[in-house]
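Asks: A single structure is presented below for examination.
Read-outs: derived from the displayed coordinates by stated rules, not from any lab. The shown structure was predicted, so the numbers you read here are calculated from the model rather than taken from an experiment. Heads up, the Cβs are rebuilt from the backbone with ideal geometry, glycines too, and the neighbour counts pull from every protein chain shown.
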Amino acid sequence: MIIVKKIGVLTSGGDSPGMNAAVRAVVRKAIYHNIEVYGVYGGYSGLMSGNIKKLDLGSVGDIIHRGGTILQSARSEEFKTKEGQQKGIDEMNKHGLEGLVVIGGDGSFRGAKALTEQGFPCVGVPGTIDNDIPGTQYTIGFDTALNTVIDAIDKIRDTATSHERTFIIEVMGRDAGDIALCAGLAGGAETILIPEAGYNMDEIAERLKKGHERGKKHSIIVVAEGVCSGVEFAKQIKDSTNFDTRVSVLGHMQRGGSPTAFDRVLASRLGAYAVELILEGKGGRAVGIQNNKLVDHDIIEILDREHTLDLDLYKLSKELSI
């Protein structure tokens, strides 16, 4: 264990339920080891402007159950430049920070990677509802967002049954279909559209017609936003089947809400592990979980990998939706 006196923590990019639990774990684990912790407010924009304040035990009291992030979050184009990154490094040096824990998704990790390449040690903690960070089975916030979507599907199914309609539910996922796939499978959706797999409109229309012929009164279709908009797909359904359709776009409600127990435990474990790595002198790492074991990878290498989806689940969803 090396001697570290001060570290920073920031949240960046889209917020996700459980980020506060991760911040809490970083602060309390560090203080337990007699390390001062400084919160960076406003993501990388706040880092460049020096919006950095010391945190104590009370700063993270009563936040483990809260969604969003007390450190706030923002995206920054300026930080993508060398000049912007140097501003951030200068501010961290000014405050005497010796390491930085970055909680966020792909873009946040790229910022941490850039700082690491310039000699400032960072540890990335995966916090995104999209579950699209390589090297970890789960990201902080995915489970909560998934349960939010499933709850919406259950409610929409009630009204779909009452009015005998086909409902298209658009969920988040520009490049990754994890939310759509898992929520669709758990919610009993008849059709799931994900960016990782194409779709055949004729096949979908035929399935809907066959269901209607055997007396099925309603259908639920889950569409990831990266495939097409729910409104656009509803028009395709209408043109192909002439069925009465309705669209629900869940939008940013998927990001909010109190984190599930799973996300609180995951965030606590990953946040604390990030501090342990800094204590071991291991900068430039990205933490994760695989088979319920904490793991870490080179943050520079991890971003060169592609996120993969379990297409066996996609196959299963099609088999069960006959």
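Asks: Convert each backbone phi in the range 257-274 into a coupling constant with the Karplus relation 6.51 cos²θ - 1.76 cosθ + 1.60 (shift: θ = phi - 60°), then list the ³J(HN,Hα) values in order as whole Hz, x for Gly and Pro.
Replies: Couplings: x, 5, x, 5, 4, 4, 5, 5, 5, 4, 4, 5, 5, 5, x, 5, 5, 4 Hz.
Asks: Another one. Whose amide H sits under 5 Å from the amide H of Val171, counting only residues 5 or more places off or on another chain, with H placed in the peptide plane?
Replies: HN-HN under 5 Å from Val171: Val223, Ala224, Glu225.
Asks: Over all directions, how big on average is the projection of the convex hull of the alpha-carbon atoms in the range 199-322, in square nanometres?
Replies: 11.0 nm²
Asks: Right, something else. Taking the chain as a Gaussian network, Cα atoms linked when under 10 Å apart, which of Leu100, Leu311, Leu193 shows the biggest mean-square fluctuation?
Replies: Leu311
Asks: Further question: So what is the relative contact order of the chain, in percent, for Cα pairs below 8 Å that sit 6 or more residues apart?
Replies: RCO, the chain: 24 percent.
Asks: Quick check on the chain: helices-only [θ] at 222 nm, where DSSP H runs of length 4 and up contribute -39,500 (n - 2.57) each and the sum goes over total residues. Nearest 500, please.
Replies: -13000 deg cm²/dmol
Asks: Among Pro134, Asn242, His95, flag the residue with its Cα farthest along the positive direction of the charge dipole of the chain, charges on Cβ as +1 for Lys/Arg and -1 for Asp/Glu.
Replies: His95
Asks: For the chain, with a Gaussian network of springs between Cα atoms less than 10 Å apart, report the residue from Lys293, Lys282, Lys235 with the top mean-square fluctuation.
Replies: Of the options given, Lys293 has the highest mean-square fluctuation.
Asks: Residue-wise, which Karplus ³J(HN,Hα) couplings in Hz belong to the range 96-108, taking 6.51 cos²θ - 1.76 cosθ + 1.60, θ = phi - 60°, and x for glycine or proline?
Replies: Karplus values, whole Hz, x for Gly and Pro: x, 6, 10, x, 9, 9, 10, 10, x, x, 4, x, 5.
Asks: Further, regarding this structure: What are the extents of the Cα atoms of the range 39-88 along their three principal axes, listed from largest to smallest and rounded to whole Å?
Replies: Each principal axis gives a Cα extent; for the range 39-88 these are 37, 21, 10 Å.
Asks: Could you tell me whether the range 1-99 comes out rounded, prolate or oblate from its Cα gyration tensor? Rule is a ≥ b ≥ c as square roots of the eigenvalues, rounded for a/c under 1.5, then prolate if a/b exceeds b/c, otherwise oblate.
Replies: It is oblate, given that a/c is not under 1.5 and a/b is not larger than b/c.
Asks: Could I ask something else about it? List every residue whose amide H lies under 5 Å from the amide H of Arg165, counting only residues 5 or more places away in sequence or on a different chain, with H placed 1.01 Å from N in the peptide plane.
Replies: Those lying under 5 Å, H to H, from Arg165 are Ser219.
Asks: Treat every Asp and Glu Cβ in the chain as -1 and every Lys and Arg Cβ as +1, leave all other atoms uncharged, and give the resulting dipole magnitude about the Cα centre to the nearest 20 debye.
Replies: Using only the charged Cβ atoms, the result is roughly 740 debye.
Asks: Continuing with the same structure: Where Rh denotes the Kirkwood radius from the mean inverse Cα pair distance, what is Rg over Rh for the range 159-253?
Replies: Using only Cα positions, Rg/Rh for the range 159-253 is 0.94.
Asks: Taking amide H atoms as placed 1.01 Å from N in the peptide plane, list the residues 5 or more away in sequence, or in a different chain, whose amide H sits under 5 Å from that of Val4.
Replies: Close amide H contacts, sequence-distant or interchain: none at all.
Asks: When N counts the residues of the chain, how does its alpha-carbon radius of gyration compare numerically with 2.2 N^0.38 Å, as a ratio?
Replies: Its radius of gyration relative to the 2.2 N^0.38 Å reference: 1.10.
Asks: Another one. For helix 230-241, what angle does its Cα long axis make with the longest principal axis of the chain, in degrees from 0 to 90 and rounded to 10?
Replies: Once rounded, one gets 20 degrees.
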